[in-house]
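The values are calculated or read from the model by the stated rules, or taken from the named source; none is laboratory data. Here the structure is a predicted model, which means the values were calculated and not measured. Reconstructed Cβ throughout: ideal geometry from the backbone, glycine too, with neighbour counts over all protein chains shown.
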Amino acid sequence: MPAEVVATLAPAPGQVVADCTLGGAGHARLLLERISPGGTLIGLDRDPDAIANARQVLAPWKGQTHLLARNFVQLPETLAELGIERLDGILADLGLSLHHLEASGRGFSFQRDEPLDMRMDPRSGPTAADLIRDLTAEELGRLFKEFGEERHARGIARRIVAARRRAPVATSAQLADLVAGPGRTRPGRLHPATRIFMALRIAVNRELEDLERFLASAPGLLRPGGRLCVLAFHSLEDRLVKQAFRRLERPCTCPPRAPVCTCGAVPMARVLTPKPLRPTPAEVAANPLARSTRLRAIERLKAQ
């Protein structure tokens, strides 16, 4: 949703903005075109491959960019290191990039036969194969249910544990075949492994925990009038974003039937998207990966 992102953030020449999930750097390029001349972009991504790609894509704006291989939860300390106090705009695109799915070789896609890694940052943390090997059937079932919202979580977990007794489950194709089982794959239907792969990826990368930390700190980094835009791709992410933005706009903790507010809580931001923006049919036709995108945004209010 590049057009919607630009329209929502409304970047202008001379502004300082942060793209906290560079990915293929498409959004960053559009932002730089609009904050030039004189603007600055801070670009973060936990994947070193994304940073290497961004240095090429954004080479024409080399003097206006700070590109760092970091998790977006590190935005506050990054700004402190750069001597930047406040931002005019912050973007977080929580989706997987095409590079992850098609070229990373880390097993993000069940349509490929690759090592079952799934780490966005290949330098740290356990892999998906480690979780498949080490977790009990009960723990795997809970993971698939909580992060994948998978109805057959327990049965799939038991099947995985039985299979790993015979041989390690080490590749994406092995896991996809194991999850699908005989007769579960039907043309035009969601592949049975879709939710399992999503759950493992979320767990490996601690995505929901990191998103909560990011949402707690990012709004405070905006100057008055600055905007935060988040693109979510599944209900678990979108729910966290929606709730966090609602609390910023309506922070009152008084009982619902209290005649007047006595808690003294002051709104920090206003919600720009009462309902999330969704991609147009034309964009979905051109890019099927965009079909589940939900865009939400807030604007920082002036201090009371």
Going through the range 1-38 in order, the residues found to be assigned to a loop (DSSP other than H, G, I, E, B) and touching a Gly at 6+ places or on another chain (Cβ under 7 Å) are PRO11, PRO13, GLY14, GLN15, LEU22, GLY38
Flagged in the range 76-93 as among the small types (Gly, Ala, Ser), over 18 Å from ARG213 (Cβ atoms) and touching a residue at least 60 places away in the same chain (Cβ under 8 Å), in numbering order, are GLY89
Residues in the range 209-218 that are out of contact with any Pro (no Cβ under 7 Å at 6 or more places or on another chain) and surrounded by fewer than 22 Cβ atoms within 10 Å (Cβ to Cβ) total 6
Of the listed residues (ALA216, ALA173), the one being out of contact with any strand residue (DSSP E or B) (no Cβ under 9 Å at 6 or more places or on another chain) and not assigned by TED's automatic domain parsing to the domain that holds PRO76 is ALA173
Taking the range 272-283 and the residues there that are buried (at least 16 other Cβ atoms within 10 Å of the Cβ) and among the aliphatic types (A, V, I, L, M), the one that is farthest from ALA232 (Cα to Cα) would be LEU272
Only one of ALA137, ALA129, ALA157 is in contact with a strand residue (DSSP E or B) (Cβ under 9 Å, 6 or more places away or on another chain) and touching a residue at least 12 places away in the same chain (Cβ under 8 Å), namely ALA129
Within the range 1-44, the count of residues that are out of contact with any strand residue (DSSP E or B) (no Cβ under 8 Å at 6 or more places or on another chain) and either without any contact (Cβ under 8 Å) to a residue 12 or more places away in the chain or crowded, with 21+ Cβ neighbours inside 10 Å (or both) comes to 3
Checked against (1) crowded, with 16+ Cβ neighbours inside 10 Å; (2) in contact with a Leu (Cβ under 8 Å, 6 or more places away or on another chain), GLU149 satisfies every condition except (1)
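If we keep just the residues of the range 279-300 that are basic (Lys, Arg) and touching a residue at least 60 places away in the same chain (Cβ under 8 Å), which is nearest to LEU96 (Cα to Cα)?
If we take residues in the range 279-300 being basic (Lys, Arg) and touching a residue at least 60 places away in the same chain (Cβ under 8 Å), then ARG294 is nearest to LEU96 (Cα to Cα).
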Margin query: Just to be sure before I move on: is ARG257 of a type in the set (D, E, K, R) and either free of Cβ contacts under 8 Å to residues at least 12 places away in the same chain or outside the structural domain of ALA92 (by TED's automatic domain parsing) (or both) in the structure I sent?
Written below: yes
Within the range 45-72, restricting to residues that are polar (S, T, N, Q) and touching a residue at least 24 places away in the same chain (Cβ under 8 Å), the one that is farthest from ASN205 (Cα to Cα) is GLN64
Exception for ARG119 within (1) outside the structural domain of ASP177 (by TED's automatic domain parsing); (2) touching a Pro at 6+ places or on another chain (Cβ under 9 Å); (3) crowded, with 18+ Cβ neighbours inside 10 Å falls at (1)
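Out of everything in the range 148-170 that is under 24 Å from the mean Cα position of the chain (by Cα) and outside any loop (DSSP other than H, G, I, E, B), what residue ends up being nearest to THR127 (Cα to Cα)?
Residues of the range 148-170 under 24 Å from the mean Cα position of the chain (by Cα): 148-151, 153.
From what's left, outside any loop (DSSP other than H, G, I, E, B): 148, 153.
On the way: GLY148: 17, ALA153: 20 Å.
Residue satisfying both the conditions and the ranking: GLY148.
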